[in-house]
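To start, the structure under review is shown below, and the notes come after it.
Nothing in this text is a laboratory measurement; each read-out follows from the coordinates by a stated rule. Note that the structure is a prediction, hence the values are computed from the model and not measured. A quick note on method: Cβ atoms are made from the backbone with ideal geometry, for glycine too, and the neighbour counts reach across all protein chains shown.
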Amino acid sequence: MNMSKRTPFPGAFFPKGLFFLLSLSLLILYSSDADGYQMAFPSSTTEIPHTLMPRVTEVFFVESKIPTIPKGAFVANPQLEKVEFLSTPTVSVEAGAFEGLDSLKDLEIVGTLLTSIPVGVFAEVPHLESLVLKSNQLGGLQRGLFDGLIKLTQLQLHMNSIQSIEDGTFDELKSLESLHLAKNNLTSISPSLFSQLNALQTLRLYENQLTSVPEEVFLPLPNLVEIALQGNQITQLAPRLFPHKDKLRKLSLDNNLLTALPPEYFTGFSLLKTLTLHANQLTGLPALLFGGTPKLTEVRLHQNNLSSLPSGVFSPLTNLKELDLSKNHFETLSSEYFDGIAKLKKLYLSNNKLRTLNANVFEKVTSVTILKLSGNMLENLPEDIFEPLKALIRVDLNDNPWRCDCNFIYLYQWMKDNSKVLTHTPPVVCTFPNDLSGREVISLTEDQLVCPTLAPTTTPLHTTTMPTTAPSTTTMPTTAPSTTTMPTTTTKIL
Ligand SMILES: *[C@@H]1O[C@H](CO)[C@@H](O)[C@H](O)[C@H]1NC(C)=O
Ligand SMILES: *[C@@H]1O[C@H](CO)[C@@H](O)[C@H](O)[C@H]1NC(C)=O
């Protein structure tokens with residue numbers, strides 16, 4: 001009486017709840033439980049069967065050759081709770097395709113060639129809770145398309161080519177909690193597009209071509225937990241764009257074209273945990289930017305155009321653990337940038353244009369365990385610069401033009417004494433002087449760290465090309481030339 005797990009093709013049965021992978025017509029089963037059956041149709045299937053076995057509640061068409069989902073395709077199978085088309089070459093869905101599916105909760109049409117879906121087709125499945133239409137070729141969404149889906153909690157429309165969405169399209173989705181519109185071709189959104197989505201918690205709009213976001217658009221959405229706007233071309237954020245601050249946990253703004261942020265922009269978000277701002281073109285930050293965001297433990301500002309920061313800009317972030325300022329335009333840093341973030345563990349300053357740092361620059365961030373200074377223009381560091389950093393585990397110093405001369409002895413000695421913090425980083429090599437260029441710093445001996453000295457003026461030079469009273473010619477350096485052109489003597493200065 002029980003249905004066998006293996007039935008004659010074109011279908012195969014599995015107890016409901018099974019996960020399966022299907023490749024061509026090979027079925028792989030993983031687990032089982034439960035009261036209904038799943039049935040999967042492989043690529044050899046060319047049409048939707050009229051009648052399924054009565055206890056089948058979930059049906060999958062995987063790479064099946066189904067060009068059209070015809071009207072009434074499932075009328076004889078009202079027990080179905082889930083229908084999925086995956087990577088089928090489907091180009092059209094007829095009006096009435098899903099009629100009779102009174103129990104359907106879950107509909108997925110994924111990876112097909114569909115460019116549009118007729119308005120009204122989902123009105124036949126009012127109990128739908130999840131509608132997944134990702135990875136198709138939909139170009140636009142029309143008003144009415146989702147009307148009647150008052151129980152829908154999840155709508156996935158990402159990875160299509162959606163360029164336009166008519167106003168009102170989502171207006172009946174009173175239960176919608178998650179709306180995924182990422183990776184489409186939206187260049188703008190209407191201010192009232194989401195105005196009826198009071199229950200919405202997750203809104204993903206990333207990787208579209210939005211240049212701006214209307215100021216009122218999030219106002220009707222008091223329950224948002226996640227807003228994803230990264231990977232657009234947003235140049236500016238309206239000052240009151242995020243009016244609801246108490247539930248938001250994740251705000252992604254990276255990979256846009258932001259050059260500035262309004263003052264006090266990230267204040268009062270009591271649950272905000274993730275904020276991404278990297279890969280924009282921020283040239284500065286307002287003095288007051290953060291505040292009342294106790295959960296914010298990481299600030300990602302890498303790949304911007306920052307060359308200086310207001311003193312204490314991060315100080316309201318008393319729980320900050322990770323600060324990424326790499327790939328900016330800093331030439332130097334002030335210790336005041338790091339005021340008030342004494343719990344900081346990771347400080348990333350790689351790939352800036354740092355030339356000099358003051359000895360006190362890290363005096364406020366004494367808990368730092370990982371410090372990245374690679375890819376800068378540093379030739380040396382002042383004595384005792386690492387003194388406050390008692391917890392260091394790793395320091396990246398590679399890819400700087402280190403000048404391994406007599407003034408480098410502090411850093412050389414520090415590296416020798418703290419070789420553990422360098423073990424997992426690329427080797428630190430000298431760039432100057434020329435005769436040590438390419439040599440790994442810790443492979444040197446201290447007496448190799450020498451400075452060129454000018455010969456005393458009383459000592460005659462052994463070369464006729466270096467007269468002491470030089471005629472002013474542009475080819476004659478007036479300051480100390482490099483060691484290769486001054487081979488007379490070297491002295492070690494301690
Ligand atoms: C949609 O955007 C993608 C990626 O930006 C692009 O390759 C494609 O040409 C766009 N399609 C249309 C119809 O604009
Ligand atoms: C940011 O820096 C890049 C080069 O790193 C430059 O092309 C761009 O114009 C800069 N933007 C601003 C706003 O300064």
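Would you mind checking Lys295/Lys346; Lys273/Lys353; Lys295/Lys321 for any pair whose Cα atoms are more than 19 angstrom apart?
Beyond 19 Å between Cα atoms: Lys273/Lys353.
How far, in nm, would the chain grow between Thr318 and Gln163 when pulled straight, counting 0.36 nm per residue and subtracting the alpha carbon separation?
51.6 nm
Would you list, by chain and number, the lysines whose Cα falls below 28 Å from the Cα of Lys65, excluding same-chain residues fewer than 8 positions away?
Lys5, Lys16, Lys82, Lys105, Lys134, Lys183
Residue by residue through the range 420-433, what is 3J(HN,Hα) from phi via Karplus (6.51 cos²θ - 1.76 cosθ + 1.60, θ = phi - 60°)? Round to whole Hz and write x for glycine and proline.
4, 6, 9, 5, 9, 10, x, x, 9, 10, 6, 9, 10, x
Starting from the alpha-carbon convex hull of the range 122-228, give the projected area averaged over all orientations, in nm².
5.6 nm²
Roughly how many whole Å is it from the C-alpha centroid of the range 162-219 to that of the range 268-327?
Each part reduced to its Cα centre gives a spacing of 27 Å.
How high is the FRET efficiency from Ala342 to Ser175, r the C-beta distance, R0 45 Å, rounded to 0.05? Present the calculation step by step, with values, prior to reporting the outcome.
Numbers: r = 45 Å, r/R0 = 1.01.
After rounding, the FRET efficiency stands at 0.50.
Given points 7 Å out from each Cα along the Cα-Cβ axis, report the Met53 to Arg143 separation in nanometres with one decimal.
It works out to 4.8 nm between the two label points.
With θ set to phi - 60°, apply the Karplus curve 6.51 cos²θ - 1.76 cosθ + 1.60 along the range 251-256 and write out the HN-Hα couplings as whole Hz, x wherever there is a Gly or Pro.
Result, rounded to whole Hz: 9, 10, 10, 5, 6, 10.
Kindly provide the GluC sites (Glu not before Pro) of the range 370-454 that DSSP labels as loop, not H, G, I, E or B, and whose Cβ sees at most 10 other Cβ atoms within 10 Å.
On the way: sites: Glu379, Glu383, Glu440, Glu446; in loops: Glu379, Glu383.
Passing both the DSSP loop test and the Cβ count: no residue.
Can you order the peptides 418-427, 151-160, 234-243 by their average number of other Cβ atoms within 10 Å per residue, highest first?
151-160, 234-243, 418-427
Find how much the distance from Arg240 to Ile442 grows on full extension, using 0.36 nm per residue of separation minus their present alpha carbon separation; answer in nm with one decimal.
67.4 nm
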